[in-house]
Amino acid sequence: MVFDFNFYSSILLITLTQGVIYSFLLLKKGIQTENKSNYWLSLFVVLCSLFIAPWMLGFAGWYDNQPYRDFMFYTPFQQLFFIGPIIFFYTQSLLNPSFKFDKKSVLHLFPGIVYLIYNLWVFVYDKMIFKDYYFYKDGMDKDFDQWYQITGQISMVIYFILSIRFYNKYKKLIVQVTSNADTVLFGWIKNYLVAFLLMLLLPHIFDILVHFFPSANSYKDSWWFYLAFSLVLYYIALTGYSNTAHSKIGFKMSVFDTKPILLLNSSLEHFNQTENVIDIDYEDYSDKKSEEIEAWKLQIENLIQSEKLYQNPELSLTEVAKKLKTNTSIISKAINQGFAMNFNDFINNYRIEAVKEMFTKGEHKKSTLLGIAYDCGFNSKATFNRAFKKNTGFSPKEYLQKL
């Protein structure tokens, strides 16, 4: 078997191999944890590894020798139309445990399927009908056709935008239904989206470099682009595999409209679906039901204070609605309209008041600030500091000095 182990091919071989290994590990993790998001990330890593393959094998001499040359020509390594949809599915499955791959989802893969059929037709015609190079008479790999590279980039940009939009709607939802939104809004989401954005920008960055340094526009100089791409891929694979956080709140929403979001938690199975709709744009509520809102405000305040529900770090809107024997839609509207804040901030304010009361009693002299924060319902130092600053205008230490 021909393989020239030179500097260029060897480095890319290492990064590609690492991608394949992490793809297998992600698949295994998905099976063990039953977390479907790992399946999508595994597939994404495979597709990106295949994206690198033509250049790695090209530097190894496969384009210069038969039958390897034909194998490179007729094997569609760069599946650009699949990468965008897969990252979009990964975003949805990571944030929404109720996400399902259905018939509508298949439509997102249609361009990629058409491209696969096109490649199959090229192989059949050249090898079985024409029995010579017809589509490949110019000696250029179809994966690098300008039309395909441009439309593939456009496809990935579109799905990146859809992923950002889905994430932004999720952020608005999560502060409405949980009291630990900072924990659920794990940093990995932002990190991998930024990494994917960098993948999209890399071709343009190298095009700019070539514009200022025309001598860098050579086959070997293109190797640096694929090395940078593979390093970003390695980061996504490694950190994605180590990520343990996942959302537990199922919901149904569309990224294409501004309709309220339907919660799909198992604890809501016995409620009417229309009663479990959360409006993430609560600022638009009218005051037509102010008397009803005031009545619910009193019930909510009495419940939170009497049972000290804020001490539960994972308190959810669903739990409050269940204790008051009503639905999440009513409680959400009562908090949003009655207290002019979302559920997350509402509960955090109770926690901050509890912390301040403990400060007044001198508990900070007997315990650490973090210990007091945990006792009052916070589950991380960063969340505590951020909420305290938002409530008082001071950091906890500054507040104690003032006190």
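Summary table below
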{"read-out": "Check on Asn348, closer than 26 Å to Lys169 by Cα, modelled with pLDDT of 90 or more and surrounded by fewer than 20 Cβ atoms within 10 Å (Cβ to Cβ)", "value": "no"}
{"read-out": "Qualifying residue in the range 280-294 (condition: at pLDDT 80 or above, in the same structural domain as Ala321 (by TED's automatic domain parsing) and within 14 Å of Leu317 (Cα to Cα))", "value": "no"}
{"read-out": "Single match in Gln18, Gln66, Gln92, Gln78 (criterion: closer than 23 Å to Ala195 by Cα and not in a helix (DSSP H, G or I))", "value": "Gln78"}
{"read-out": "Positions within the range 83-114 being of a type outside the set (Asp, Glu) and surrounded by fewer than 14 Cβ atoms within 10 Å (Cβ to Cβ), in sequence order", "value": "Lys100, Lys103, Lys104, Val106, Leu107, Phe110, Ile113, Val114"}
{"read-out": "Candidates Asp138, Asp182, Asp143, Asp126, filtered to the one that is in the same structural domain as Tyr234 (by TED's automatic domain parsing) and surrounded by fewer than 12 Cβ atoms within 10 Å (Cβ to Cβ)", "value": "Asp138"}
{"read-out": "Any hit, the range 219-236, residues being aliphatic (A, V, I, L, M), touching a residue at least 12 places away in the same chain (Cβ under 8 Å), within 30 Å of Leu264 (Cβ to Cβ) and crowded, with 16+ Cβ neighbours inside 10 Å", "value": "yes"}
{"read-out": "Test: residue in the range 58-71 that is among the aliphatic types (A, V, I, L, M) and without any contact (Cβ under 8 Å) to a residue 40 or more places away in the chain", "value": "no"}
{"read-out": "Residues of the range 125-168 that turn out to be in a helix (DSSP H, G or I) and either in contact with a strand residue (DSSP E or B) (Cβ under 7 Å, 6 or more places away or on another chain) or not basic (Lys, Arg) (or both), as a count", "value": "28"}
{"read-out": "Some residue of the range 103-124 being aliphatic (A, V, I, L, M), in a helix (DSSP H, G or I) and under 17 Å from the mean Cα position of the chain (by Cα)", "value": "no"}
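Residue-wise test of (1) assigned to a helix (DSSP H, G or I); (2) in contact with a Phe, Trp or Tyr (Cβ under 7 Å, 6 or more places away or on another chain); (3) under 27 Å from Leu173 (Cβ atoms); (4) among the polar types (S, T, N, Q).
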| site | (1), (2), (3), (4) |
| --- | --- |
| Glu314 | no, no, yes, no |
| Thr326 | no, no, yes, yes |
| Met341 | no, no, yes, no |
| Phe384 | yes, yes, yes, no |
| Lys397 | yes, no, no, no |
| Gln401 | yes, no, no, yes |
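The values are calculated or read from the model by the stated rules, or taken from the named source; none is laboratory data. These numbers come from a predicted model, not from an experiment. Every residue, glycine among them, receives a Cβ derived from its backbone with ideal geometry; neighbour counts consider all protein chains shown.
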